[in-house]
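Below: one structure, written as structure tokens.
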Amino acid sequence: MHPTLAADLALLPELLQSASDFAAHGLSGVDERPVASPAEAPEPDPLPTAGVGARGALDRFARRWEPGFSGSTGPRYLGFVTGGATPAALVGDWLTGAYDQNGAAGGGSTVDALERETVGWLRELFGLSGAHGGAFVSGATMSNTVGLAVAREWLGERLGVSVSRAGAAALGPVHVLSGSPHSSIAKALSVLGIGRDRLRPVPLLGGEREAVDVAALAGALESLGGRPAVVVANAGTVNTVDFDDLRAIAALKERYAFWLHVDAAFGAFAALSPARAGLVDGLDAADSICVDLHKWLNVPYDAAVQFTRRQDLQVRVFHNESSYLGLPDGTPDFLHLTPENSRRLRALAAWFSLTAYGREGHAEIVERCAALADRLGEGISAVPGLRLLAPVRLNVVCFTLAERPTAERLAAVARAVAGSGEAFLTPTVLRGTPALRAAFSNWRTTEADADRVRDALARAVEGLSAAGDA
Ligand SMILES: *Cc1c(COP(=O)(O)O)cnc(C)c1O
């Protein structure tokens, strides 16, 4: 063994303790560290020839890289939809690395049963029936990709071809219909050989709504003349967290042949709030469902779950055929269900958090985030110079400048807020109007944090006026 490696082996308990102390110190200050990093990235170092050992690496990390890390795990990083990591989820994630199990299949371990138990808990959390099988993947993009891959195989089944054997071209042109799809849907269609251009937008309900007009969707399906299609319904759009009427869309299956995929990346968490669960009414009727876990479940990157009612088709797509892996029968091993072969045991962090806090603890995070979004929405309405672009439906506040809401002026507001270290928000465009979004999904965020974000915004808008123009 290399002497540095041997020395580290002898020191392993002390090294883990040092890493733990370092992380504990960093996290104890996360409420106050600048939310977006002001630091420039260091120049790349050459590949080390003789290494410095784990302690030396920790020192170097502390000096060169840690200062440039954002406070994204803290309470006022409201860009994109960015969850944090609950204490138990972090413990689970560390142990995932420590035990370094391969989640591909059992292989002399009970890890596959642990993943199945966790998938079952998640199914229950989101109100899904036992008809949905599921597996962990790396994020909602991958979850959408898996769901649409199963959809593609289903289209083949309807048309009498095997896509997994003959390729996507055997399908001819595919029709994918959606109201306000997330950008990852187009990416998934590109990856799957269906093609980004096959995504056909369906008109939305009027006014500020981002939900699909179900009558227009029915019309679009009618115009296909009986050709099977894929419908991507959206449960929680990123700009204004609008929800398609899932029950009404599912009811269209009585008249038209389509695969219903629901992107519920963070919207599925509405199911945890009795007052808001109606937003995802009908979710169980989907053929495949995407739910992100590194967002509102607050497990560390990267984790999401995908569900489908047609695991048989999923195995056709992802079956890993080889003499030593054996044929899946009964309960398929996870390597036959997802794009990966060897896989990180992502389920463990979710298992820890669900075990530690239960349905009640996670429901409290959802309720609190929704209440904080309401609070910031009210606060922003009271800031002269700002106005809401949509009502706060769940956990995102979408707003713009009352006067001259140009992309440049909104970017100046976002920069000023980030530069103050107080908060981080991301820009968007809603029906042609440049806007900013504040998304709540972190377990740490409090009312005081929401008020600090409002104050930072008010100062940034004042600065804009003081500067005359931007
Ligand atoms: C975040 C998000 C995605 C993509 O999620 P990743 O985890 O970043 O891959 C897809 N759909 C919706 C609705 C999202 O909010």
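A few points about this structure:
- Region 445-460, residues that are touching an Asp or Glu at 6+ places or on another chain (Cβ under 9 Å) and over 30 Å from S180 (Cα atoms): D449, R452, D455, A456, R459
- Filter result for L313 (closer than 22 Å to G156 by Cβ and crowded, with 22+ Cβ neighbours inside 10 Å): yes
- Summed over region 305-315, residues that are away from the ligand (no atom under 16 Å from the Cβ), within 21 Å of V231 (Cα to Cα) and not in a loop (DSSP other than H, G, I, E, B) total 5.
- Residue under evaluation G421, criteria (1) surrounded by fewer than 20 Cβ atoms within 10 Å (Cβ to Cβ); (2) outside any loop (DSSP other than H, G, I, E, B), criterion not met: (2)
- Boolean, S138 is of a type outside the set (V, I, T) and under 19 Å from the mean Cα position of the chain (by Cα): yes
- Test for D449: is it within 25 Å of the chain's Cα centre (by Cα) and either at pLDDT 95 or above or not aliphatic (A, V, I, L, M) (or both): yes
- Subset of region 88-102 (residues that are in contact (Cβ under 8 Å) with a residue 60 or more places away in the chain, surrounded by 15 or more Cβ atoms within 10 Å (Cβ to Cβ) and in a helix (DSSP H, G or I)): A88, A89, L90, V91, G92, D93, L95, T96
- Residue match in region 249-258 (condition: more than 13 Å from the ligand (Cβ to nearest atom), among the aromatic types (F, W, Y) and buried (at least 24 other Cβ atoms within 10 Å of the Cβ)): yes
- Qualifying residue in region 421-443 (condition: among the charged types (D, E, K, R) and touching an Asp or Glu at 6+ places or on another chain (Cβ under 6 Å)): no
- Any hit, region 390-397, residues being under 23 Å from the mean Cα position of the chain (by Cα) and of a type in the set (S, T, N, Q): yes
- Residue identified as over 21 Å from E422 (Cα atoms), charged (D, E, K, R) and touching a helix residue (DSSP H, G or I) at 6+ places or on another chain (Cβ under 8 Å) among R64, R76, R60, R55: R55
- Residue check, L204 touching a residue at least 24 places away in the same chain (Cβ under 8 Å) and either on the phi > 0 side of the Ramachandran plot or in contact with a Gly (Cβ under 6 Å, 6 or more places away or on another chain) (or both): yes
- The condition of being within 13 Å of the ligand (Cβ to nearest atom) and surrounded by fewer than 21 Cβ atoms within 10 Å (Cβ to Cβ) holds for only one of D302, D292, D263, D281, that being D302.
- Restricting region 139-167 to residues that are surrounded by 19 or more Cβ atoms within 10 Å (Cβ to Cβ) and among the small types (G, A, S), the residue that is nearest to Y301 (Cα to Cα): G139
Each row is one residue, and each column tells you yes or no for (1) surrounded by 15 or more Cβ atoms within 10 Å (Cβ to Cβ); (2) at pLDDT below 95; (3) more than 26 Å from E153 (Cα to Cα).
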position: P328; (1), (2), (3): yes, yes, no
position: T331; (1), (2), (3): no, yes, no
position: P339; (1), (2), (3): yes, no, no
position: L348; (1), (2), (3): yes, no, yes
position: W351; (1), (2), (3): yes, no, yes
position: Y357; (1), (2), (3): yes, no, yes
position: V366; (1), (2), (3): yes, no, yes
position: A370; (1), (2), (3): yes, no, yes
position: A373; (1), (2), (3): yes, no, yes
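- Taken together, A373, A363 contain a single residue that is touching a helix residue (DSSP H, G or I) at 6+ places or on another chain (Cβ under 9 Å), more than 16 Å from the ligand (Cβ to nearest atom), part of a helix (DSSP H, G or I) and of a type in the set (A, V, I, L, M, F, W, C), which is A363.
- The sole residue among R393, R444, R404 that is free of Cβ contacts under 8 Å to residues at least 12 places away in the same chain, assigned to a loop (DSSP other than H, G, I, E, B) and of a type outside the set (S, T, Y) is R404.
- Number of positions in region 162-208 that are farther than 18 Å from Q314 by Cβ, of a type in the set (S, T, N, Q) and more than 16 Å from the ligand (Cβ to nearest atom): 0
- Taking first residues from region 136-151 that are more than 19 Å from P332 (Cα to Cα) and partners that are in a helix (DSSP H, G or I) and more than 11 Å from the ligand (Cβ to nearest atom), the Cβ contacts under 8 Å between residues at least 6 apart in sequence or on separate chains come to T145/V191; L148/L189.
- Filter result for G92 (under 23 Å from A347 (Cα atoms) and more than 16 Å from the ligand (Cβ to nearest atom)): yes
- Some residue of region 350-359 being in contact with a strand residue (DSSP E or B) (Cβ under 9 Å, 6 or more places away or on another chain), more than 30 Å from V212 (Cα to Cα), within 15 Å of the ligand (Cβ to nearest atom) and not hydroxyl-bearing (S, T, Y): yes
The values are calculated or read from the model by the stated rules, or taken from the named source; none is laboratory data. Since we're looking at a predicted model, the values are computed, not measured. Note: ideal-geometry Cβ built from the backbone for every residue, glycine included; neighbour counts use all protein chains shown.
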